[in-house]
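A short write-up of the structure that comes next.
The values are calculated or read from the model by the stated rules, or taken from the named source; none is laboratory data. This is a predicted model, so every value here is computed, not measured. We place every Cβ from the backbone using ideal geometry, glycine too, and count neighbours over all the protein chains shown. For the accessible areas, the whole protein counts, side chains as well, though only heavy atoms, and no ligand, DNA or RNA atoms are used. Shrake-Rupley method; radii C 1.70, N 1.55, O 1.52, S 1.80 Å.
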Amino acid sequence: MQTKYVYIMLSNTYSLQTRAIGLYTRAPYNHVSIALDGQLNEMYSFGRRRPEWPLPGGFVQEKQREGTFARFKDTLCAIYRLEVSQEEYARIKAAIAEFQREPDSYYFNLLGFAGLAAGLPVERRYAYFCSQFVSTVLAKGGVKLVGKPPGLVKPSDFSQCDKLTLIYEGRLADYEGAPTTA
């Protein structure tokens, strides 16, 4: 069985919003993204649609040196590699493609975000927050990393998964990409 990799990136832009969230979570990273390649060219999440405003939020393709991450140049991150089968990779890619077909139909799940803080999962068809999105995409791919419903998954939960291998930690702007094997 040939394996493939997907990448989970935890990040902290140190924006006003992430600092406020950090006061509550006490976690070093409060945003999570999923990438289909080690160069982070195909990286997706739920977040700011416009770098200068936190809302409206929704499904976004993120770029290492563009958009929100370009605006917040000192973004810190931890990048993890996840080994998956070719079939799991194809299903994960297909799950992301569902979002790509109608990106403007999706919006940030503010109600779900409040539910996460209260410990009550709020699942809504076209609404997600970042960790809910990543957890959902992985589940659709047949990969379960966190033993809770997507609506209760926090970005920090990913850092505790033994199936993930930390490959980089530091400034996102300094990341040069993972080796292109697989």
Checklist line | In nm, spacing of pseudo-spin labels at Asp74 and Ala27 (7 Å Cα→C-beta vector) | finding: 2.3 nm
Check: If the cut-off is 22 Å between C-alpha atoms, which lysines fall inside it for Lys4, apart from same-chain ones fewer than 8 positions away?
Finding: Lys63, Lys93, Lys140, Lys144, Lys163
Check: Using a simple spin-label model with points 7 Å from Cα along the Cα→Cβ vector, what separation in nm is obtained for Cys161 and Glu52?
Finding: 3.6 nm
Checklist line | Förster radius 25 Å - calculated FRET efficiency between Glu169 and Glu83, Cβ distance, rounded to 0.05 | finding: 0.85
Notebook entry, point to check: Which trypsin sites (Lys or Arg not before Pro) from segment 67-160 combine a DSSP loop assignment with at most 15 other Cβ atoms within 10 Å?
Noted result: Lys73, Arg125, Lys144
Check: Dipole of the chain, Cα-centred, from +1 at each Lys and Arg C-beta and -1 at each Asp and Glu C-beta, to the nearest 20 debye?
Finding: 380 debye
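Whole-Å semi-axes of segment 74-118's equivalent ellipsoid, largest first, each the root of 5 times a Cα gyration tensor eigenvalue? Present the calculation step by step, with values, prior to reporting the outcome.
On the way: eigenvalues 119, 76, 32 Å².
Sorted largest first and rounded, they come to 24, 20, 13 Å.
Ignoring ligands, DNA and RNA, what percent of the 1.4 Å accessible area of segment 1-121 is carbon and sulfur? Could the numbers behind the result be given before it?
On the way: 3410 of 6210 Å².
Carbon plus sulfur share of accessible area: 55 percent.
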Check: Can you tell me the Rg and the Dmax, both Å, for the Cα atoms in segment 31-94?
Finding: 12.9, 38
Item checked: Size of charge dipole - segment 75-182 - debye, nearest 20, with Cβ of Lys, Arg +1 and Asp, Glu -1, no other charges -> 300 debye
Next item on the list: Can you pull a Stokes-Einstein diffusion coefficient for segment 23-182 at 4 °C (1.567 mPa s), Rh from Kirkwood over Cα pairs, as a whole number of µm²/s?
Entry: 81 µm²/s
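Using a 1.4 angstrom probe with every protein chain in place, what is the largest-first accessible-area order of Thr25, Thr18?
Thr25, Thr18
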Item checked: Rg and Dmax of segment 127-179, Cα atoms only, in Å -> 12.7, 34
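Rounded to a whole number of µm²/s, how large is the Stokes-Einstein D of segment 1-50 at 37 °C and 0.692 mPa s, given Rh as the Kirkwood radius over C-alpha pairs? Let's see the in-between values first.
Values: Rh = 12.3 Å.
In µm²/s, the coefficient is 266.
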